[in-house]
1. Can you tell me how many residues within segment 213-227 are in a loop (DSSP other than H, G, I, E, B) and touching a residue at least 60 places away in the same chain (Cβ under 8 Å)?
2. Out of segment 91-122, which residues are of a type in the set (S, T, N, Q), crowded, with 21+ Cβ neighbours inside 10 Å and modelled with pLDDT of 85 or more?
3. May I ask you to list the residues in segment 1-38 that are part of a helix (DSSP H, G or I), modelled with pLDDT under 75 and more than 21 Å from the chain's Cα centre (by Cα)?
4. Filter segment 72-89 down to the residues that are touching a helix residue (DSSP H, G or I) at 6+ places or on another chain (Cβ under 8 Å) and more than 21 Å from Ser383 (Cα to Cα), then identify the one that is surrounded by the most Cβ atoms within 10 Å (Cβ to Cβ).
5. What number goes with the only condition from (1) of a type outside the set (Phe, Trp, Tyr); (2) under 21 Å from the mean Cα position of the chain (by Cα); (3) more than 30 Å from Ser76 (Cβ to Cβ); (4) surrounded by fewer than 17 Cβ atoms within 10 Å (Cβ to Cβ) that Glu384 does not pass?
6. Which condition from (1) without any contact (Cβ under 8 Å) to a residue 24 or more places away in the chain; (2) out of contact with any Ser or Thr (no Cβ under 7 Å at 6 or more places or on another chain); (3) small (Gly, Ala, Ser) is the one that Ser337 breaks?
7. Taking the residues in segment 390-449 that are polar (S, T, N, Q) and buried (at least 18 other Cβ atoms within 10 Å of the Cβ) as candidates, determine which candidate is nearest to Thr316 (Cα to Cα).
8. So if I check each of Gly193, Gly182, which one is surrounded by fewer than 16 Cβ atoms within 10 Å (Cβ to Cβ) and more than 24 Å from Thr260 (Cα to Cα)?
Amino acid sequence: MNLLNDSIPGLVKKIAIPASVGTLFQTLYNIVDTFFAGKISPEALSALSKSFPIYFIIIATSIGVSVAGTSLIGNSIGENNKKNILYYFSHIIIYGLIISIFITFLGLNYSEKVFYLMGSTSEVTNLGTSYTDTIYYGSILFILVVSLNSLLHAEGDTKTYRNVLIISFFLNIILNPIFIFGFLFIPALGVKGIAIATLIAQFVAFAIILTKVILNERVKEITKEFFTIKFYYLKNIFFQSMPITIAISGYSIAASIVFTFIGMSGENAVAGYGAATRIEQVVLLPILGINTAIISIISQNFGAKYFDRVKQTYFTSIKYGLFIMAISGMLVYFTSSIVPSFFSNDPEVIDYGTRYLKIAAFILPAYPIFFLSNGFFMALKKSENAMIINLLRNVLVPILVFYLAMYLSADYNNFFWLWAVFQWALSLLLLMFVIYFMKYRLEKSSGVT
């Protein structure tokens, strides 16, 4: 693929489809975890659902590192600056090692407090921390995988990571029951076994990505000199990565607020909502794949100052995203009563999951605008814009919805209808801002006068 010359619609499809397939298996991976947690007990299912805001700190950090590496390396490829390509690649690894130590400290010391803040019982809290503590001990693996993979994504290679995620999925199916229920000399570890299976799969992913990167033609030119720490590159990576990490970490706040409100209806409501969101994540996969595509394509074309191709990539992606989510919304609505039953046979859990999905079906078409606009600014190295957008969506909106719902004495359904209204309003405002940015500020932001 030539990201600077090939047809934009063709490039979006070529990059997005492997990325979507890979993310599909990543999400199916999470669904397998949810399925087995449901087999342990409703409390275990609730614990795994509530662990997501805590686990999400690792995800947010991984996204920040990945986006920083992809956009900075991608821009350097577009500029044909071989020195910067190698320096950014080496320093994204160094940065990943440093940041993983920091988030491990946070995860191990504060996860229990977050479970209690969400109104969890002692049993759910104990189950949840046995999972999150184990995950955080291996957080360095998650960060190293995306650090190495950022070079591949910057080149438009999403197939390698796709293959890694497929292998991890099948490993997870095999390892989960072994570590959860025990096998031969391996004791039954329950929820903690889910985390151990995840870390083993991550180690395999790391080994595969490392092998692929070592064989990369650009990496063959790297020397020890490039691993001498230079503040300039770490600074650029930090200011590109950290706003994204902080902003996306805001999703932990959003999820905690949602779980706090839902928790007022009981742990079965939490379990039902948690199971339903797994399916929502599957439906969003094409959008996440397209988002990966536009970061790769726009970052190189912005570096080469091909602004018309930058604009075309964004609008082509929005068009694809809206169409896919409109179809997906209809499918989610008409299957809403079937899906939750895969995760639990408790009628109350199924009922809460069904009610959420019927409302979520109307929110789905708003998401492409949000995700793809974020990707647009990330690719332009305008991470401060992406940070503001994410903080609005993941912090301000949830707080407003929560207090408005409390003021109106809203029930479970009405809370999510309020959520839908705010999501649509924010997405439409964001679309108008991107159009304004393209018209008046895009070329100036690259230094072109």
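The values are calculated or read from the model by the stated rules, or taken from the named source; none is laboratory data. From a predicted model like this one, the values you see are computed outputs, not experimental measurements. Cβ coordinates were reconstructed from backbone atoms using ideal geometry, including for glycine residues, and neighbour counts include every protein chain displayed.
1. The number of residues fulfilling the criteria is 3.
2. Matches in segment 91-122: Ser100 only.
3. Passing the criteria: Phe36, Ala37, Gly38.
4. Leu86
5. Result: Glu384 passes all but (3).
6. For Ser337, the failing item is (2).
7. The extreme case among them is Ser427.
8. Numbers: Gly193 fails: surrounded by fewer than 16 Cβ atoms within 10 Å (Cβ to Cβ).
None of the others qualify; the one that does is Gly182.
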